[in-house]
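S.K.: Here you go, one structure.
Just so it is clear, none of the values below were taken in a lab; they were calculated from the coordinates. Keep in mind that what you see is a predicted model, and the values were worked out from it rather than measured. Neighbour counts run over all protein chains shown; Cβ positions are idealised from the backbone, glycine included.
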Amino acid sequence: MNNDFTRDAFVLVTDYVKANTGEDVSDALQELILNNPRRVLYFPDGEYLLSKPICTPANPEHAVSLQLSNFAVIKAMDCWDSDEALIRLGAAEPFNTIMVNGSNYYLSGGIIDGNNVANGVSIDSGRETRVENVSIKHTKVGLHVKWGANSGSADCDICNVNIVGRGTVDSIGLLIEGMDNTFTNMRIARVQIGVKLLKGGNYLRNIHPLYSLASGWDHYTDSIAFCDLSWENWYDFCYSDQYCTGFYFADNVRSICHNCFCFWWKTLEGGEIGFKAGGKFNSLLSNCKVTLRGDAKDTNFLVGAEGGYGVIENPFFNEDQAPDKCYQNDLVGKVLHP
């Protein structure tokens, strides 16, 4: 990219902070962020090492956007000592408004490398935050959407984000504590839990967690692709790949799954579950599919306690592989065939 054009269109980070030095640039980047309100900071190709998080302001008067080139890498140093993420969007000057220009800041492009010691990206405050076209690697928690500034609503848009965890049993790809967010086109791998939702009101489309833990299969039976512990979320064309449990709904969760599916390319000793309710099944499954490789017979499709009112429309699964038939009881739910 032509540097003269870049300087006119962006703040060129390497005019102030050099890449590929092997030195800690945390303080220099933080100073650059705070000194350039309402600007886009552009990171050219290269490696930028951090010993601590960098925080962007949520206050729209001082907010910045971070634009990384495809091969710009922001990476945690070995001496990292923080439970927070490498990049904390909106962590400086928490704010809640969509009425002031600058409230919709973003992180776009590049690679965020936790180096197996740091979390990747968190959204701490603000409204209309966007994270797009980013690869997040080697993290305990890849992307963390915290309790939102708008009475819990974070109102974020996340798209085209790939997450690869550190392959440990405490690793989570996407952790959602805020409400009213949209997540589309995400690939997640090497984590024990693909997506963990602690709050509702979120929309997820084309999210694909793949189970591939570094420790192999020792903790496979505890693995969950989508762990929904809240009250109501929407899933469209979401895909659990090889996780022991594809979709887990806590007791009384009222979520909706449309065109979702679970697949296993390898079955172990049985116990794989496509859609599981931890208590009463109160969700809606529409056009959902469970596919087992080979002649596996022990895999359950759905487990739920009596007393729910969930509905299954147009199921694509073998009911012989759903030994818990409580959802077929008219008093607790129905299976509706075409």
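S.K.: Given R₀ = 35 Å, FRET efficiency for TRP231-LYS266 by Cβ-Cβ distance, to 0.05?
M.R.: Working: r = 34 Å, r/R0 = 0.97.
Computed FRET efficiency for TRP231 and LYS266: 0.55.
S.K.: Can you work out the Karplus-derived ³J(HN,Hα) for every residue in segment 134-150? Use 6.51 cos²θ - 1.76 cosθ + 1.60 with θ = phi - 60°, whole Hz, and x for glycine or proline.
M.R.: 10, 10, 10, 10, 6, 10, 6, 10, x, 10, 10, 9, 7, 3, x, 5, 8
S.K.: List TYR203, TYR106, TYR48 from most exposed to least, where exposure is judged by having the fewest other Cβ atoms within 10 Å.
M.R.: Values: TYR203 14, TYR106 21, TYR48 28.
So the ranking, lowest neighbour count to highest, is TYR203, TYR106, TYR48.
S.K.: Ranked by Cβ crowding within 10 angstrom, fewest neighbours first, how are ILE163, ILE54 ordered? Please list the in-between numbers first.
M.R.: Working: ILE163 28, ILE54 24.
Listed from fewest to most nearby Cβ atoms, that is ILE54, ILE163.
S.K.: Hey, another quick one. Please compute the modelled spin-label separation between SER82 and TYR16, points set 7 Å along Cα→Cβ, answer in nm with one decimal.
M.R.: Distance between the two pseudo-spin positions: 1.7 nm.
S.K.: Run through segment 228-290 and list the GluC sites (Glu not before Pro) located in a DSSP loop whose Cβ has at most 15 other Cβ atoms within 10 Å.
M.R.: Values: sites: GLU232, GLU269, GLU272; in loops: GLU232, GLU269, GLU272.
Counting only loop positions with at most 15 other Cβ atoms within 10 Å, the GluC sites (Glu not before Pro) in segment 228-290 are GLU269.
S.K.: Hey, quick one: spin label on PHE71, modelled 7 Å out along Cα-Cβ, who in segment 125-146 has an amide N within reach, i.e. under 17 Å?
M.R.: Residues 135 fall inside that zone.
S.K.: In nm, what is the difference between 0.36 nm times the number of residues separating TRP147 and ASP45 and their Cα-Cα distance?
M.R.: Numbers: separation 102, 0.36 × 102 = 36.72 nm, distance 3.28 nm.
Here the segment from TRP147 to ASP45 would lengthen by 33.4 nm.
S.K.: Let me ask another. Provide Rg and Dmax in Å for segment 3-336, with only Cα atoms included in the calculation.
M.R.: Every Cα atom of segment 3-336 included, Rg and Dmax give 21.3, 70 Å.
S.K.: If we count other beta carbons within 10 Å of each Cβ, what is the order of ARG187, ARG39, fewest first? Walk me through the intermediate numbers first.
M.R.: Details: ARG187 19, ARG39 15.
So the ranking, lowest neighbour count to highest, is ARG39, ARG187.
S.K.: Could I ask something else about it? Percent relative contact order of the chain, based on C-alpha pairs within less than 8 angstrom and at least six residues apart? Intermediate results must be reported in sequence, preceding the final value.
M.R.: On the way: 1081 pairs, mean separation 26.9, N = 338.
In percent, rounded to a whole number, it is 8.
S.K.: Counting other Cβ atoms within 10 Å, keep those with at most 14, restrict to DSSP loop, and tell me which GluC sites (Glu not before Pro) in segment 16-48 are left.
M.R.: Numbers: sites: GLU23, GLU31, GLU47; in loops: GLU23.
Those that pass, being in a loop and sparsely packed, are GLU23.
S.K.: A further question on this structure: Given R₀ = 25 Å, what would the calculated FRET efficiency be for ASN160 paired with ARG38, taking r from the Cβ atoms and rounding to 0.05? Before the final figure, lay out each step's value.
M.R.: Working: r = 25 Å, r/R0 = 0.99.
Once rounded, the FRET efficiency stands at 0.50.
S.K.: Let me ask something additional. Under a 10 Å cutoff between Cα atoms, tell me which one of TYR16, TYR235, TYR42 has the largest fluctuation in the Gaussian network model of the chain.
M.R.: The residue that fluctuates most here is TYR16.
S.K.: Quick one: among SER82, SER240, SER125, which has the greatest mean-square fluctuation in a GNM of the chain with alpha-carbon springs under 10 angstrom?
M.R.: SER82
S.K.: Can you tell me which of ILE312, ILE207, ILE112 moves the most in a GNM of the chain? Springs connect C-alpha atoms under 10 Å apart.
M.R.: Answer for the Gaussian network model of the chain: ILE312.
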